[in-house]
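What follows is a set of notes on a single structure, which appears directly below.
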Amino acid sequence: MDYKDLADLIFPDAKPVEYYEEKYPERNLKEGAIVTRVAPSPTGSTHIGTLYQALIARTVARQSDGVFFVRIEDTDTKREVEGGIDNITGSLNYFGLGPDEGMVSGTEEKGYYGPYKQSLRKEIYQSFAKKLISEGKAYPCFCNEEELNKDREKQEKAKMRPGYYGEWARCRKVTVEDAINKIKAGESYVIRFKSPGNENRKIQVSDVIKGKVTFPENDLDIVIIKSDGLPTYHFAHCVDDHLMRTTHVIRGDEWLSSLPLHIQLFKVSGYKPPKYCHIAPIMKNDNGNKRKLSKRKDPEAGVSYFAEIGVLPEAVKEYLLNIANSTFENWRRANKDKSIEEFPFQLNKMSVSGALFDFTKLFDVSKNVISRLTAEEVYNYSNEWAQKYDNDLAKLLEDKEYSLKVFGIERNNSNKPRKDLSKWSDVKDNIIYMYEAPTEFDYDKITGEDAKRVINEYAKTFDISDDKQTWFEKMKDVAEKCGYAREVKEFKQNPDKWPGHVGYVSTVIRVTLTGRRNTPDLYEIIQVLGKDEVEKRLVK
Ligand code: GLU
């Protein structure tokens, strides 16, 4: 009886690994092409961290003429949520991060290196586990939960490292004969990896982002195949990324400490390990403490939140690139009109520690993204958003022709387009006065009877057909007539001579017509409101 008999007994039908090596050959790509992936578990709504990883993975794959694929890691059946895969693939598509290969919906996939859903790869893992068993590099373990718990308690008491290693790895010593007998007798078991490592030896690994990191070698005999026949993450990662010919594993840095194990798994299996790129997570400042974004506590941790508040996917991606590479901001400044796809992303320039999620910055980025859109695009996006999330806004936007004029203010043909919108949920408040006359007037420096006089004088001279120059001259005339300086400059030189200047006067008109002290260009607003509406609003 030898290891091979044991392996045959455990996995009688498993194909030889050569079958899979041939089925999934080395990829024929140009030198330097990066093959990478995002490998989420379908455990609920999509986390911003998954989007972040997908964006980075897809960007580096694209820029190197490589491949970006989506693999669904659903071997932890207890954590799986119904519709979880659709949620992930739907989110990736919504953000324009669809893959070259892999899962594209809950049930469909594309590409030649699949299946891309781990639960459909059971036979593949078993083949690879069988190979390890037959080489004496993995073995069945019959320890039950109770025994393992007892060992852990003993380890804790003795202040020893917890885990299945060295003397604690009891089933390592079970002979092949005994193992075969136990299996034949129906005992339940898992498959463990027989680690060749030694805690006292160090290994140094080079992470593309974190740089050189030194760890003690792994000496834990971890479970590779669970009692349900499915693999653990560690083993599935090794088999899948080997067979899918992944060159770069881009993943969250919570996996950094598993690196000694993963490298060992690759080496013992006889495969070249991929390059590892461990990304620092996006963080949140929680009363002075930095912590990871949590789906339970922070709405922005779920990617659907951005659709709900109406931030464009493009803006979210641009913001994430800001976090990912500090050189992005300068690049954007120098390349205002370029698509973010053109940004020369550098994986090795990513920050080692987690950046804070910053709404101010996101909205700032988003304002710029929206400022580059045409009135028609702003209309279409706002309308689409309103149909889903805001009935009142949808009603306002029913008059498309008028709404296009409203969105065109300081946008159409403007080389300094307005930047007062950062999300579609801002739109209603931003444009409401173009549809409904204001009812509250918080005048600034000129108030009461004085304001009334300004309004009356303005109403007398108002002519919708005035060009901008004439319009402003008339505003100055009104200022002069009411006792204010015509020019700001002359007022500043001689501030005691007048109670104020033309700016005070135009504020009165602005507040009267819009209810706001700050608006885009007042002349354009008047043109869009039209003669009748302006005259109506000027009656005081
Ligand atoms: N399923 C793992 C996770 O969601 C994937 C890690 C990896 O990318 O290898 O964290």
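The values are calculated or read from the model by the stated rules, or taken from the named source; none is laboratory data. Quantities reported herein were computed from a predicted structural model and do not represent experimental measurements. Reconstructed Cβ throughout: ideal geometry from the backbone, glycine too, with neighbour counts over all protein chains shown. The accessibility values were calculated without ligands, DNA or RNA, using every heavy atom of the protein model including side chains. Shrake-Rupley method; radii C 1.70, N 1.55, O 1.52, S 1.80 Å.
Taking only protein heavy atoms and a 1.4 Å probe, what accessible area per residue, in Å², does the chain have with all protein chains in place? Before the final figure, lay out the partial values.
On the way: 26610 Å² over 540 residues.
Using a 1.4 Å probe on heavy atoms only, each residue of the chain averages 49 Å².
Using the alpha carbons of the chain, what is the convex hull volume per residue in cubic angstrom, as a whole number? Kindly include the intermediate steps, with their values, before the conclusion.
Values: hull volume 111.2 nm³, N = 540.
It comes to 206 Å³ per residue, whole-number rounded.
Once amide H atoms are built 1.01 Å from N in the peptide plane, which residues 5 or more positions from Glu109, or in another chain, come under 5 Å H to H?
For Glu109, the qualifying residues are Val104.
What is the log10 of I(q)/I(0) for the range 1-156, computed with the Debye formula using one identical point scatterer on each Cα and no solvent, at q = 0.12, 0.13, 0.15 Å⁻¹?
Calculated log10 I(q)/I(0) at the listed q: -0.70, -0.79, -0.94.
For the range 1-135, give me the percentage of DSSP beta bridges that are antiparallel, rounded to the nearest 5 percent. Before the final figure, lay out the partial values.
Values: 2 of 9 bridges.
Given both bridge residues lie in the range 1-135, the antiparallel proportion sits at roughly 20 percent.
So if I take the centroid of the Cα atoms in the range 157-195 and the same for the range 57-109, what is the distance between those two points in Å?
Taking the Cα centre of each part, the range 157-195 and the range 57-109 sit 36 Å apart.
Where does each of 370-377, 178-185, 420-427, 18-25 land if you order them by average Cβ count within 10 Å, highest first? Don't skip to the end; give the middle numbers.
Numbers: 370-377: 16.9, 178-185: 14.5, 420-427: 21.5, 18-25: 12.5.
The most tightly packed comes first, giving 420-427, 370-377, 178-185, 18-25.
What are the residues whose amide H is under 5 Å from the amide H of Val35, where those residues sit 5 or more places off or on another chain and H is modelled from the backbone?
Placed amide hydrogens put Val67, Thr247, His248 under 5 Å from Val35.
Output needed for the range 132-208: three equivalent-ellipsoid semi-axes, defined as square roots of 5 times the C-alpha gyration tensor eigenvalues, in descending order, whole Å. Intermediate results must be reported in sequence, preceding the final value.
Working: eigenvalues 128, 76, 21 Å².
Equivalent ellipsoid semi-axes, largest first: 25, 19, 10 Å.
Go through the cysteines of the chain and tell me which have no other cysteine Cβ under 4.7 Å away.
Cys143, Cys238, Cys277, Cys482
If packing is taken as the average count of other Cβ atoms within 10 Å, what order do 196-207, 213-224 fall into, highest mean first? Please report the intermediate quantities before stating the final value.
Values: 196-207: 12.7, 213-224: 18.8.
Top to bottom by mean Cβ count within 10 Å: 213-224, 196-207.
Name the long-range amide H neighbours of His501: under 5 Å, sequence gap of 5 or more, or other chain; modelled H, no Pro or chain starts.
Close amide H contacts, sequence-distant or interchain: Ala485.
Tell me the volume per residue, in Å³, of the convex hull enclosing the alpha carbons of the range 209-358.
Values: hull volume 27.2 nm³, N = 150.
Hull volume over Cα atoms, normalised by residue count, gives 181 Å³.
How much accessible area does Ser105 have with a 1.4 Å probe, in Å² rounded to the nearest 10?
20
When DSSP beta bridges are limited to those with both residues in the chain, what percentage is antiparallel, rounded to the nearest 5?
Expressed as a percentage, antiparallel bridges in the chain total about 55.
Kindly provide the chymotrypsin sites (Phe, Trp or Tyr not before Pro) of the range 105-136 that DSSP labels as loop, not H, G, I, E or B, and whose Cβ sees at most 14 other Cβ atoms within 10 Å. Please list the in-between numbers first.
Details: sites: Tyr112, Tyr113, Tyr116, Tyr125, Phe128; in loops: Tyr112, Tyr113, Tyr116.
Hits after loop and neighbour filter: Tyr112.
Need one number for the range 102-237: average projected area of the convex hull over its C-alpha atoms, nm². Can you show the working numbers first?
Details: hull surface 46.4 nm².
Answer in nm², one decimal: 11.6.
Hey, what's the Kirkwood Rh for the range 309-442 if you take every pair of different alpha carbons, in angstrom?
Numbers: mean 1/r = 0.0612 Å⁻¹.
Hydrodynamic radius (Kirkwood, Cα pairs) of the range 309-442 is 16.4 Å.
Taking the Cα-to-Cβ direction at Asn93 and at Glu167 and moving 7 Å from each Cα, how far apart do the two end points lie in nm?
Simple spin-label model gives 5.8 nm for this pair.
Using a 10 Å cut-off on Cβ atoms, rank the peptides 481-491, 43-53, 26-36 from the highest mean neighbour count down. Let's see the in-between values first.
Numbers: 481-491: 16.6, 43-53: 21.5, 26-36: 14.4.
Descending mean neighbour count gives 43-53, 481-491, 26-36.
Take the alpha carbon atoms of the range 454-540, find their radius of gyration, then divide it by 2.2 N^0.38 Å using N residues; give the quotient. Intermediate values should be presented prior to the final figure.
Working: Rg = 12.7 Å, N = 87, 2.2 N^0.38 = 12.0 Å.
After normalising by residue count via 2.2 N^0.38 Å, the value is 1.06.
Let's test the formula: R0 of 25 Å, r as the Cβ-Cβ distance of Thr107 and Asp228. What FRET efficiency results, to the nearest 0.05? Could you put the intermediate results ahead of the total?
Numbers: r = 22 Å, r/R0 = 0.89.
The calculated FRET efficiency here is 0.65.
Using just the alpha carbons, could you tell me how many Å³ per residue the convex hull of the range 75-135 encloses? Spell out each step's value before the answer.
Details: hull volume 6.2 nm³, N = 61.
Spelled out: Cα convex hull of the range 75-135, divided by residues, is 102 Å³.
Once neighbouring chains are kept in place and the probe is 1.4 Å, which whole percent of the accessible area of the chain is contributed by carbon and sulfur?
It is 47 percent, rounded to a whole number.
Using Cα pairs under 8 angstrom and six or more residues apart, how large is the relative contact order of the chain, in percent?
On the way: 787 pairs, mean separation 61.8, N = 540.
Once divided by the residue count of the chain, the mean separation gives 11 percent.
Can you compute log10 of I(q)/I(0) for the range 165-252 with the Debye formula, treating each Cα as one identical point scatterer, at q = 0.21, 0.26 Å⁻¹?
-1.18, -1.32
Which whole-Hz couplings ³J(HN,Hα) result when phi for each residue of the range 61-76 is put into the Karplus expression 6.51 cos²θ - 1.76 cosθ + 1.60, θ = phi - 60°, listed in order with x for Gly and Pro?
Values per residue, Gly and Pro as x: 5, 4, 6, 10, 6, x, 9, 10, 10, 10, 10, 9, 9, 10, 7, 8 Hz.
Beyond a 24 Å Cα-Cα separation, which of these cross-linked pairs lie in this structure: Lys122/Lys317; Lys184/Lys226; Lys173/Lys275; Lys338/Lys416; Lys468/Lys489; Lys297/Lys423? Intermediate values should be presented prior to the final figure.
Values: Lys122/Lys317 35 Å; Lys184/Lys226 18 Å; Lys173/Lys275 35 Å; Lys338/Lys416 17 Å; Lys468/Lys489 20 Å; Lys297/Lys423 22 Å.
As for pairs spanning more than 24 Å Cα to Cα, those are Lys122/Lys317; Lys173/Lys275.
Using a cut-off of 12 Å between beta-carbons, work out the net charge of the residues near Ile191 (Lys and Arg +1, Asp and Glu -1, Ile191 not included).
Values: positive: Lys130, Lys131, Lys137, Arg192, Lys194, Lys226; negative: Asp221, Asp228.
Net local charge, Ile191 excluded: +4.
Using a cut-off of 15 Å between beta-carbons, work out the net charge of the residues near Phe345 (Lys and Arg +1, Asp and Glu -1, Phe345 not included). Please report the intermediate quantities before stating the final value.
Working: positive: Arg58, Arg62, Lys317, Arg332, Lys338, Lys349; negative: Asp65, Glu318, Glu329, Glu341, Glu342.
Neighbourhood net charge equals +1.
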